[in-house]
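Report on one structure; see the data block that follows.
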Amino acid sequence: MELPPRASGDELLQPGALVSVRLRLQAMAAHHDLATVIAYAFDHRTRMLPFIGADVRMAPAGVRAIGSAMVDAGFPKTRIVLQQWNRRFRPSQMRLDGRIPDLFMVSSMQIHTAPCIELIQDACRIDPAHRPLIIAGGPKTIYEPWGVFSSDPANPWGADVAVTGEEYVLLSLLEVLLAIRGEGESMRSAFYRARDEGLLDAIPGLVYPRGERDNIASELVDTGIQKLLGDLDEQPSPVLGYGLLELPSRKATLGLSAIPANKVSKYSPVGSLVLTLGCKFKCPYCPIPAYNQRQYRTKSGERIAEEFEQLYHAYHMRVYFGADDNFFNDKERTLSIAETLSRKIDAGSRPHRKIHWGTEATVHDVLQMKDHLPLLRKAGLGGLWLGVEDMSGALVRKGQGEDQTVEAFKLLRSNGIFPMPMMMHHDTQPLVTFKSQGGLLNQVRLLRKAGAITMQVMMLTPAVGSKLYVETFESGLAYKQVGKTPVENYIIDGNHVVASRAKKPWRKQLNILLAYFFFYNVVRCLFSLVFSKTDIPLEPALLKDSPFRTKRSRRMARKTMMHFADFFAQLFGMWGLVFTVRRTFVWMMRLLFRKIHRTTAPPGSKLPMCAPDGGPAVHDLPRAPVPADAPCAPPAEETQTE
C-alpha cells in the first residue's frame, strides 16, 4: 500500500522554504546551547552480498544530511554515531560536551529495526529529569512510524516523536519547540508542552503519542504526509555532516571529538551524495515513486561540482556513489550536470579531474543516452548500477530485454563505464532454461559475458510502501514464521525467501546461492587473470588530446591495475559469499524441513492511530478499522499453516 499523494500542486515546499527555516533557527540558536547525538541503527546480521563492504565503508547519506542541517542551523555540538562502526554504543552512557545531550535522534531502515528499538529502549533508561528528547527517523519511520512506540504496558519504552519526512520537517519541529522553550527548560519538556497545546499539528510529517493508558500512549497522532523539498540546492553542504562522524570504537561512550578531517576518507573512502531523487517508472514492487509524490527532484550541476570540490579539499575524497533512484530519469537535467562537470575539467580543476563516481540507472535510459556516454565518462562517471531485474520481462517490463541489456553493456564498456547489474529472482523464473535465456543462471552467464564484474541477485520481497505490499500478505504469499522461527525484520532484506508461492521455496533460496557461486568462483577468478572484464578504456575519446593526459609510465601502471581489478573483484565476491552462505543456508534448511506458517494480514500498529482532528491516519498502512473507543485500531492478524 503506497503512501497517499498530497493534493495536486501541493506536493512541494515553496522555493526557499528550507533556507528560510534554517535562517530563523540561526537567529534563535544563540539563546539555546543544544547538544545533539544522531545514531544510525545497524543490524550486523544483515552483512552479506551484495552490500558487504560498502555497508561499513560508506557513511550513510541520511544521517549526514540531518547532521549538516543541525550544524547549518547553528547547533555545532552535534555528533553522528554509526552502529556499524560503534557496535557497543549505549545512549544511556553518552555524554557530549560533558553532559547528557538535549536531543537524541535515531535513524533506521526496516532491516535494522531490532537495534533501533534497543537504542531507544536504552535511551529511555536515562532518568526522566535528564532524558533527552528522543526523535526517530529514517526509512523505518517513513513507512512504519508506529514501530518506534511500545504497546506493552510491562515495557513502556518509545520515542517521543517520529519524523516521517526529511530535514525540513525536523527543523520545523525544532523551530516550534525553541520558540516556546523557557530558560533552563529541557527540550523534552518543551516538546510535551507544544504537543498538549496543539502546536505540532500544523507540521505535516510527524507522528507522536498522545494520552496515557496503562503506562503507554492511548493513541498515536499522525500529522500527515510531508511536503517535499523541490530544489535540492537548498540542502546544507554535506561537508558539515562528514565533520561530525564518531571515531570507530568498541566503547559504549562517545569520544572527546569527532574523526579528524584528515582521517575521514580512511574510514569512509566512498562518499555518498544525493544528486537526484525520483523515478519515472512505476514498478508495483517499489515504494520510490509514491514516496517522491511522482516528482523528480535534482541538484544543479554547479551545486554538485561545488560539493565534489569542497569534499575533495576538506577530506581528500575521490570516489562517490550518487544516492539516486534513476540518474538518467530526465535527459535534459542529466546532460546539464554532465556538461557542468566537464567544463570544470576543461578549466583545469584538479579536484574534478581526480574524482570518480557511480550511480543507478535503467537499461532503457542508458540506450536513450547512448550518444552522450562519452560526455558522462568525461564528467567522471565510472560505474553504473543497472536495474536489469529479469531480462525475460516476466517480472516487469522497462526496456531491459536481452538484446537491449547486452547493447547497453557494450555501450557503457566502450566508453569506459563499468555496468553493474542488479537482478531480481521470482517464483516464475527457473534456475536454468535450454531454449531461451529466461533461466537465472542463463542470465547471469549472459551478463558476465557482456562485461559485468559484480552481480546483485535478490529475491522479490514485499517492500513496505509499495503497491503490492498489502496484496502480498492478504493473498497468503508472505510468511509469518518457519517452524518456530519468526520472520524478523532483519531477514526481510531480499536475500532471504520470505514470500513465495513455490511449493519448494527452499529451491528459490538455493537458486540465489547458486547464481552467486556461478558468478564468483575460483575458476572464473583464475580466468580473469588472463581474460579480464575490467580491460576497458581508461579515458573517453574526448580526452585523448587533453593537456592532462597521463604520462606513458603512469598510464601503463593504471592499465595494469585495471587488468587485475577483475581478479580482485572475484576474490572480494568469494569472500562476501562466505558471509552470505553462513547467514542464508540455515534459513534454507528451515524452509526445507520446517512448516511454513503464512499470514494473511500485513503488520500494523498495535496502538490506535489518527489524524489531529480524529480522522484516519495517513501512515496507518493498511487502514485500520475504527473501534468504539478510539479513532483507529490495528488490523487483526490471521494465519494459515502450510
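Looking across segment 255-276 at every residue that is touching a helix residue (DSSP H, G or I) at 6+ places or on another chain (Cβ under 7 Å), assigned to a strand (DSSP E or B) and hydrophobic (A, V, I, L, M, F, W, C), the one that is surrounded by the most Cβ atoms within 10 Å (Cβ to Cβ) is identified as L273.
In segment 383-410, what residues are at positive phi and either over 22 Å from the mean Cα position of the chain (by Cα) or in a loop (DSSP other than H, G, I, E, B) (or both)?
G393, G399
Taken together, the residues in segment 124-141 that are assigned to a helix (DSSP H, G or I) and surrounded by fewer than 24 Cβ atoms within 10 Å (Cβ to Cβ) amount to 1.
Residues in segment 148-162 include at least one that is hydrophobic (A, V, I, L, M, F, W, C), assigned by TED's automatic domain parsing to the domain that holds S107, assigned to a helix (DSSP H, G or I) and buried (at least 21 other Cβ atoms within 10 Å of the Cβ). Here is the figure for segment 591-600: residues that are within 24 Å of Y469 (Cβ to Cβ) and outside any strand (DSSP E or B) total 2. Where helices (runs of 4 or more DSSP H) fall wholly inside segment 1-100, the ranges with 2 or more residues that are over 24 Å from the mean Cα position of the chain (by Cα), crowded, with 20+ Cβ neighbours inside 10 Å and at pLDDT 95 or above are 17-29.
Conditions (1) modelled with pLDDT of 95 or more; (2) β-branched (V, I, T); (3) touching a Phe, Trp or Tyr at 6+ places or on another chain (Cβ under 8 Å), marked per residue:
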position	(1), (2), (3)
V432	yes, yes, no
L441	yes, no, yes
K449	yes, no, no
A463	no, no, yes
L468	no, no, yes
E488	yes, no, no
R501	no, no, no
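Taking segment 89-123 only, how many residues are more than 22 Å from P260 (Cβ to Cβ) and among the basic types (K, R)? Counting residues in segment 89-123 that are more than 22 Å from P260 (Cβ to Cβ) and among the basic types (K, R) gives 2.
Scanning segment 389-430 for residues that are farther than 18 Å from A515 by Cβ, in contact with a Phe, Trp or Tyr (Cβ under 9 Å, 6 or more places away or on another chain) and at pLDDT 95 or above yields one hit, L412. Here K378 meets the list (1) buried (at least 16 other Cβ atoms within 10 Å of the Cβ); (2) over 29 Å from P269 (Cβ atoms) almost entirely, failing just condition (2).
Close Cβ contacts (under 6 Å, 6 or more residues apart or on different chains) running from residues in segment 50-64 that are within 20 Å of F519 (Cβ to Cβ) and in the same structural domain as M574 (by TED's automatic domain parsing) to residues that are charged (D, E, K, R) and crowded, with 19+ Cβ neighbours inside 10 Å are absent.
Counted as qualifying within segment 293-382 are the helices (runs of 4 or more DSSP H) with 1 or more residues that are within 30 Å of V396 (Cα to Cα), assigned by TED's automatic domain parsing to the domain that holds L273 and modelled with pLDDT of 95 or more, namely 331-346, 363-368, 373-378. The set of residues from segment 457-479 being assigned to a strand (DSSP E or B) and buried (at least 21 other Cβ atoms within 10 Å of the Cβ) comprises V457, M459, A478, Y479. Scanning segment 277-292 for residues that are part of a loop (DSSP other than H, G, I, E, B) and of a type in the set (F, W, Y) yields a total of 2.
Number of residues in segment 3-15 that are out of contact with any helix residue (DSSP H, G or I) (no Cβ under 7 Å at 6 or more places or on another chain) and farther than 19 Å from I288 by Cβ equals 6.
Condition check ((1) at pLDDT 95 or above; (2) surrounded by fewer than 20 Cβ atoms within 10 Å (Cβ to Cβ); (3) assigned by TED's automatic domain parsing to the domain that holds A159) across all residues:
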{"site": "L200", "(1), (2), (3)": "yes, no, yes"}
{"site": "E212", "(1), (2), (3)": "no, yes, yes"}
{"site": "D231", "(1), (2), (3)": "yes, yes, no"}
{"site": "G243", "(1), (2), (3)": "yes, no, no"}
{"site": "T253", "(1), (2), (3)": "yes, yes, no"}
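The values are calculated or read from the model by the stated rules, or taken from the named source; none is laboratory data. This structure is a prediction, so every number in the text was calculated from the model and none was measured. As a convention, Cβ positions derive from the backbone with ideal geometry for all residues, glycine included, and neighbour counts pool all protein chains shown.
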